[in-house]
Amino acid sequence: MEGEKYAKELDVAVRVVHMACSLCQRLQQGIVSAGSDLVKSKEDDSPVTVADWSVQATVSWILSEFFGSQNVSIIAEEDVQTLSKADSASLLEAVVNTVNECLAGAPKYGLKSPPKALNTSQVLEAISRCNSVGGPKGRHWVLDPVDGTLGFVRGDQYAVALALVEDGKVVIGVLGCPNYPMKKELLSYHYQYHETMSRLSPPSDDMWERGCVMYAKRGSGEAWMQPPIPGDKKFVWPNSARLVRVSSIDDPKLATCCEPVEKANSDHSFTAGLAHSVGLRNQPLRVYSMVKYAAIARGDAELFMKFARTGYKEKIWDHAAGVVIVEEAGGVVTDAGGRPLDFSKGPYLEGLDRGIVVCSGATLHEKIIDAVYASWDSSNL
C-alpha cells in the first residue's frame, strides 16, 4: 500500500477499527451479563453506552496523535453532555478506565500508546474534539463509534464505522462488525451460541472467526475483509485479507433484502409494499446497523432500502463507510431518485430524495428505482 494516495490513512483507520472492535467485544460481554449500569439514554431516548464514548475517545486520540490534532477534523455521533453530569461520575470513570486499557494495547495493532494513562479531562477532550460540522471543503473523518447500540446492548449485531471524506466525497471506509462471522453459513446462529461452544471446545483458527473488518478506498474497484486478531497475536498487514464482491443476482425474485430490526426511524409499510411489488420472495435478513452494508458488499444479500419516517434526517456517520465499501465491491448506492448520496452538506444527508436504496448491481438497482416511482405515485405519500 505504500506510496498510494490515502495509504497511510487507510492503514491507520483499519488498525484503529480493529482496536475498537476488540474493546467493544469485551464490553458487550459485560453489558449483556451485568445489565444496564453501563447504558444511558440520550435526549431522543436512544441508548448510549460506555463503548460509544470509549471508542470515540480512542479513535480521536489515535488519529490526532498520528496526523496531528491541528490537521484532524472529526465528525462523530457522541458529545460529552451526558457524561459531564453529576450523576454520571461512575460512568465517566468506566469510560476513562476503558480508554486507557484500550490504548495500552495499541502496540498489538502497530500503533503507539500514550506515554502515560490519560486523565479524565484528556479523555473528555478527545471525545469533545469530534465536533466538526464537515462541509464541502477539506478532509473530515466521520465516525460512528457504535452503530446499532440497541443491537450492542442486546448481545446482537452492531458496527464500528470510520470514513474519510475529502471535499465532500467519501474516499475511505472501514466497517468493523465484531459479531458478523467471516463465513456466511454461521450467520443463522446467534453469536452467543458460538461463544458457549468455543468455551466447551476451543475452535481452530479458521473454523470460526466471529467478526470481520471490511474496508475500501475510493477508485480502487476493490473491497477487502479481514478476520479479527486473536488474543495473543499481533496485527500484521494485510492480516489474511480477502477480496469481497457483491452478489451477481439481479432478479428481484431471487434477491435477499436486508431489513432493519428497529422500526423507529423507518417507514416499514412503504418498504413492505415496495418489496411485494417488485416480487421479493426470500426471507429478509434482519440485522441491526451498518452491518447491512457489509452483508451486501460481500454477497450475503442483494438489497437494502430505507425510507425514513417524516421528520427524521439521515446522518452521514450512519452511511459514509458502508457506501464506499459497497460501491467498490461492485454495488450501487443512491437516494430513491437514483442520485448519489451527498456527503458535502455537514452532519446530515441533506437533499435526500425520499430514502436510500443500496443494491448489489446496476440492473437490480434500476428495477428497484422504477418500482419506487410506481409505488410512490400509487400510494401518493
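The values are calculated or read from the model by the stated rules, or taken from the named source; none is laboratory data. In this text the structure is predicted, and so the values were computed from the model without any measurement. Every residue, glycine among them, receives a Cβ derived from its backbone with ideal geometry; neighbour counts consider all protein chains shown. Side chains are part of the model used for accessible areas, which takes the heavy atoms of the whole protein and leaves out ligands, DNA and RNA. Shrake-Rupley method; radii C 1.70, N 1.55, O 1.52, S 1.80 Å.
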**Message:** I'd like to verify something in the chain: which complete DSSP H helices, judged by Cα projection on the helix axis, reach 24 Å or more and average at least -0.5 on the Kyte-Doolittle scale?
**Reply:** 7-34, 50-67, 362-379
**Item:** Highest-fluctuation residue, 89, 117, 320 considered, GNM on the chain with Cα pairs under 10 Å
**Value:** 89
**Asked** Roughly speaking, what % of Cα-Cα pairs in segment 282-381 are separated by over 19 Å, rounded to a whole number?
**Response** 41 percent
**Asked** At a 1.4 Å probe, what is the % contribution of carbon and sulfur to the accessible area of the chain?
**Response** 51 percent
**Asked** What do you get when you divide the Cα radius of gyration of segment 239-289 by 2.2 N^0.38 Å, with N the number of residues?
**Response** 1.42
**Message:** If I model a spin label at residue 362 and residue 101 as a point 7 Å from the Cα along the Cα→Cβ vector, what separation in nanometres do I get?
**Reply:** 5.0 nm
**Asked** What accessible area per residue, rounded to a whole number of Å², is obtained for the chain using a probe radius of 1.4 Å?
**Response** 43 Å²
**Message:** Please list the three semi-axes, largest first and in whole Å, of the ellipsoid equivalent to segment 302-347, using sqrt of 5 times the eigenvalues of its alpha carbon gyration tensor.
**Reply:** 18, 14, 10
**Item:** Of all DSSP beta bridges in the chain, antiparallel share, percent nearest 5
**Value:** 85 percent
**Fill in**
In Å, the Kirkwood estimate of hydrodynamic radius for the chain over Cα pairs equals 21.0 Å
**Asked** Is the shape of segment 266-324 best called rounded, prolate or oblate, per the rule: a/c under 1.5 gives rounded, else a/b larger than b/c gives prolate, else oblate, with a ≥ b ≥ c the square roots of the Cα gyration tensor eigenvalues?
**Response** oblate
**Request:** Just check segment 111-192 against the gyration tensor rule for me: Cα atoms, a ≥ b ≥ c as the square roots of the eigenvalues, rounded for a/c under 1.5, and otherwise prolate or oblate depending on whether a/b exceeds b/c.
**Result:** oblate
**Complete:** Rounded to the angstrom and largest first, Cα extents along the principal axes for segment 27-175 equal 43, 35, 30
**Message:** Taking 19 Å as the cut-off for C-alpha to C-alpha distance, list the pairs among 137/345; 253/367; 184/367; 313/345 that go past it.
**Reply:** 184/367
**Asked** Got the relative contact order for the chain handy, in percent, Cα pairs under 8 Å and 6 or more residues apart?
**Response** 16 percent
**Prompt:** Between residue 122 and residue 345, what is the label-to-label distance in nm when each label sits 7 Å out along the Cα-to-Cβ direction?
**Reply:** 4.0 nm
**Prompt:** What's the FRET efficiency of residue 268 with residue 184 using the Cβ-Cβ distance as r and R₀ = 30 Å, to the nearest 0.05?
**Reply:** 0.75
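Would you please give the FRET efficiency between residue 89 and residue 373, computed as 1/(1 + (r/R0)^6) with r the Cβ-Cβ distance and R0 = 45 Å, to the nearest 0.05? Mind showing how you got there, number by number?
Values: r = 54 Å, r/R0 = 1.20.
E between residue 89 and residue 373, to the nearest 0.05, is 0.25.
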**Fill in**
Mean Cβ-within-10 Å packing, highest first, puts peptides 17-27, 153-163, 128-138, 58-68 in the order 153-163, 17-27, 58-68, 128-138
**Item:** Largest-first ordering by accessible area, 1.4 Å probe, given options 183, 253
**Value:** 253, 183
**Prompt:** Simple spin-label model, 7 Å along Cα-to-Cβ: residue 242 to residue 282 in nm?
**Reply:** 1.8 nm
